[in-house]
1. Can you pull out the residues in the range 173-182 that are in contact with a Gly (Cβ under 9 Å, 6 or more places away or on another chain) and buried (at least 17 other Cβ atoms within 10 Å of the Cβ)?
2. Exactly one of these conditions fails for LEU82: (1) crowded, with 19+ Cβ neighbours inside 10 Å; (2) modelled with pLDDT of 85 or more; (3) under 20 Å from VAL247 (Cβ atoms). Give me its number.
3. Return yes when GLU204 is out of contact with any strand residue (DSSP E or B) (no Cβ under 9 Å at 6 or more places or on another chain) and among the charged types (D, E, K, R) and no when it is not.
4. Is there a residue in the range 114-129 that is at positive phi and either under 17 Å from the mean Cα position of the chain (by Cα) or modelled with pLDDT of 90 or more (or both)?
5. Taking ASP225 and the conditions (1) under 13 Å from VAL45 (Cα atoms); (2) in contact with a helix residue (DSSP H, G or I) (Cβ under 9 Å, 6 or more places away or on another chain), which numbered condition does it fall short on, given that it satisfies the others?
6. Can you confirm whether the range 208-228 contains a residue that is aliphatic (A, V, I, L, M), surrounded by fewer than 23 Cβ atoms within 10 Å (Cβ to Cβ) and not in a helix (DSSP H, G or I)?
7. If you go through the range 49-70, how many residues are among the polar types (S, T, N, Q) and free of Cβ contacts under 8 Å to residues at least 60 places away in the same chain?
8. Anything in the range 228-255 that is closer than 15 Å to GLY189 by Cα and either small (Gly, Ala, Ser) or touching an Asp or Glu at 6+ places or on another chain (Cβ under 9 Å) (or both)? List them, or say none.
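The values are calculated or read from the model by the stated rules, or taken from the named source; none is laboratory data. Source: prediction; values computed, not measured. Cβ atoms come from the backbone with ideal geometry, glycine included; neighbour counts cover every protein chain shown.
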Amino acid sequence: MLRDILPSPVRLLPAALSLCALALVGCDDGSTSSSGNDPGKKDKVAFSSISEIYGSLDSAETVVFLIRDAADSVTPRGERHLTAKAAEAARKFGAALPKGETIFYGVPVDESTAETVTNIAVGHEDTVDSTLMAHVASLENDHLFRVSVDSLESFAAAEGLDGARELVSRWAYGDDSWPELFYEILTRGKVALGEATKDFLKWERISVLVAEEMLVMPLVVYASDRKVDLRYFDNGNWLAPLSGLAVVIRDQKIDRYVPLAAPTGAVE
């Protein structure tokens, strides 16, 4: 059963990994410290770098890096492609992946996210063929949302909110005012992460899966037990491109989640 491979949140990176993780406060990776009287702002969990997460793995563990896609732009023909700066950032992410490791890349159907994966592979100096890159079951809107992301934007505008980012962040942190738009995240988050990573259980020690920001951001919040600071509705913090979540797998089951910072930072 799918539920058998999934932990409940939150089993996070062992605190002894680094000073950043020990303190559970902001570091150079863009994470932030706790403040105020809101219980959700206490005991903040810091984002960890690729090298910290890789260094925490033992010989029996594998990891899937589930990350937000790099920034794109829309052409006059309505096509979405990475900007030059975003492509460079994706190559920098690839360069930060451990040398000497074979990386398995899950390629989503969406063009801009596929371009993100391609540039990450270039940054890792990989010659990727069909044995190391495959179309996989990526995250889909209906894992978390009852409507499309475009519909969320329209609804947010009608409500006077600051776009879908404010709407999604309010829901991710427990505002259940819109049951017609969202599923219950504590239930659907577990299912979505299982569906997104099930294709990777048998692959290489390190895998990379890219998805759009509206889907990755709430899963990072869910997996951290709402202890990462991506409270866009409150302070404008949002998940940065190429940041996301490391899903650590042991014995064909998800063992723990670790919030992941891109080389350029975790929060924008």
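1. Filtering the range 173-182 for residues in contact with a Gly (Cβ under 9 Å, 6 or more places away or on another chain) gives 173-174.
TYR173 - this is the single residue of the range 173-182 that is in contact with a Gly (Cβ under 9 Å, 6 or more places away or on another chain) and buried (at least 17 other Cβ atoms within 10 Å of the Cβ).
2. With (1) crowded, with 19+ Cβ neighbours inside 10 Å; (2) modelled with pLDDT of 85 or more; (3) under 20 Å from VAL247 (Cβ atoms) applied to LEU82, the lone miss is (3).
3. Working: out of contact with any strand residue (DSSP E or B) (no Cβ under 9 Å at 6 or more places or on another chain): no; among the charged types (D, E, K, R): yes.
Criteria not met by GLU204.
4. Taking every residue of the range 114-129 in turn, at least one turns out to be at positive phi and either under 17 Å from the mean Cα position of the chain (by Cα) or modelled with pLDDT of 90 or more (or both).
5. Here ASP225 clears every test but (2).
6. For the range 208-228, residues aliphatic (A, V, I, L, M), surrounded by fewer than 23 Cβ atoms within 10 Å (Cβ to Cβ) and not in a helix (DSSP H, G or I): absent.
7. Residues that pass the stated criteria total 2.
8. GLY244, ALA246, VAL247
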